[in-house]
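S.K.: Sharing a structure with you now.
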2 protein chains.
Amino acid sequence: AGDPEAGEGKIAACAACHGTDGMGTSPIYPNLAGQSAAYLESAMKAYRDGERGGGMSALMVPQAQGLSDEDIADMSAYYASLEP
Amino acid sequence: AGDPEAGEGKIAACAACHGTDGMGTSPIYPNLAGQSAAYLESAMKAYRDGERGGGMSALMVPQAQGLSDEDIADMSAYYASLEP
């Protein structure tokens with residue numbers, strides 16, 4: 001399982017759109033606060049593997065491709081730990 | 001914009017995984033409550049167009065392919081209207 005404290009140090013890029021509080025900064029960006037880590041990891045890996053297209057995937061695929069499994073687990077644990 | 005009351009009558013299939021309250025019934029299913037309608041419509045159309053793969057797309061693509069733009073707008077308005 002990911003480490004939410006480590007994740008907090010890895011979400012600078014994410015926060016531009018999803019906030020440090022996990023709330024989308026514009027209606028087109030989903031809220032991440034309170035989603036389960038399992039779902040967030042699944043979504044990030046689908047972007048990283050180039051499976052998840054459409055929507056904001058032109059932005060998300062390159063962001064995800066720089067991340068390790070551990071990075072994704074930590075970042076997911078961080079956003080999962082927040083209250084929406 | 002979608003009609004949340006009409007949407008409430010269209011989410012029987014969605015609710016199996018996302019709840020009538022918009023909260024995922026298992027950790028692998030994302031919460032939809034309180035997401036913006038703009039985001040929900042974007043995600044559903046990416047599934048419908050076969051662009052969004054990975055994750056639970058094997059389930060979501062066929063679900064979305066039966067929906068009109070109006071259906072998607074109504075269902076999105078319904079889930080956007082709920083508090084997480």
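The values are calculated or read from the model by the stated rules, or taken from the named source; none is laboratory data. All values reported here derive from a predicted model rather than from experimental measurement. Here Cβ is always computed from backbone atoms with ideal geometry, including for glycine, and neighbour counts include all displayed protein chains.
S.K.: Any idea which residue in region B:24-71 is farthest from the other protein chains (Cβ to nearest Cβ), counting only those that are within 20 Å of residue A:17 (Cβ to Cβ) and of a type in the set (D, E, K, R)?
M.R.: Filtering region B:24-71 for residues that are within 20 Å of residue A:17 (Cβ to Cβ) and of a type in the set (D, E, K, R), the one farthest from the other protein chains (Cβ to nearest Cβ) comes out as B:41.
S.K.: Testing residue A:26 on (1) of a type in the set (Gly, Ala, Ser); (2) modelled with pLDDT of 95 or more; (3) closer than 21 Å to residue A:65 by Cα, one condition comes back false. Which one is that?
M.R.: Unmet condition: (3).
S.K.: Now for a separate question. Pick out the one residue from A:66, A:7, A:53 that is more than 20 Å from residue B:39 (Cα to Cα) and free of Cβ contacts under 8 Å to residues at least 24 places away in the same chain. Walk me through how you get there before you give the answer.
M.R.: Numbers: A:7 fails: free of Cβ contacts under 8 Å to residues at least 24 places away in the same chain; A:53 fails: more than 20 Å from residue B:39 (Cα to Cα).
So the residue among A:66, A:7, A:53 that is more than 20 Å from residue B:39 (Cα to Cα) and free of Cβ contacts under 8 Å to residues at least 24 places away in the same chain is A:66.
S.K.: If we scan region B:24-45, do we find a residue that is basic (Lys, Arg) and touching a Leu at 6+ places or on another chain (Cβ under 8 Å)?
M.R.: No, the conditions are met nowhere in region B:24-45.
S.K.: Just to be sure, is residue B:78 among the aromatic types (Phe, Trp, Tyr), more than 7 Å from chain A (Cβ to nearest Cβ) and crowded, with 18+ Cβ neighbours inside 10 Å?
M.R.: yes
S.K.: Starting from residues that are closer than 17 Å to residue B:12 by Cβ and touching a Phe, Trp or Tyr at 6+ places or on another chain (Cβ under 8 Å), keep the ones in region B:41-64 and report whichever is surrounded by the fewest Cβ atoms within 10 Å (Cβ to Cβ).
M.R.: In this case the residue turns out to be B:63.
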